[in-house]
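In what follows, a single structure is set out as structure tokens and then discussed.
Where a number appears in this text, it was derived from the coordinates with a stated rule and is not lab data. Since the structure is predicted, the reported quantities are computational estimates derived from the model, not experimental observations. Cβ placement follows ideal geometry from the backbone for every residue including glycine, while neighbour counts extend to all protein chains displayed.
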Amino acid sequence: MAESIMLEKAKDFAVEIVDLCRTIKETRRESVLSNQLLRSGTSIGANIHESKYAHGTADFISKMQIALKECYESEYWLELLNRTGYISNSDYKKLQNTCGSIRRMLISSINTTKENVK
């Protein structure tokens, strides 16, 4: 149940990232930073989805840790796009909050799975 909530949040986040990056490319003619965000922001959900079909606990944890790394990377690109003026403070804060929420869910899921293995 919690995984499906996390996956849905990650998919919604990915859609927002796709929309944001499309807008930045069309209106601001910036593609280097936005392409990086596009890759990392959409990869979070892809790795969570992939974890559902993991070959055991270690593989599940690995997929979730990759999703977590992509989450951290997305936070970096969002901050950089904000600090360089490509995205507004309000858009930045909204996406940063969503990304942080997903990050906390990933950390919790990884920690719970690790504890259950012991």
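The percentage of C-alpha pairs in the chain whose separation is greater than 17 Å is 52%. Between the alpha-carbon centres of the range 1-50 and the range 51-116 there is a gap of 11 Å.
For the pair Lys93 and Arg29, a Förster radius of 30 Å applied to the C-beta separation gives a FRET efficiency near 0.80, rounded to the nearest 0.05.
For the range 26-118, relative contact order (Cα pairs under 8 Å, six or more residues apart, normalised by length) works out to 30 percent.
Below 12 angstrom from the Cβ of Thr112, what's the summed charge of the other residues (Lys, Arg +1; Asp, Glu -1)? The answer is 0. With a cut-off of 15 Å between beta carbons, the residues surrounding Ile5 carry a summed charge of +2, where Lys and Arg count +1 and Asp and Glu -1.
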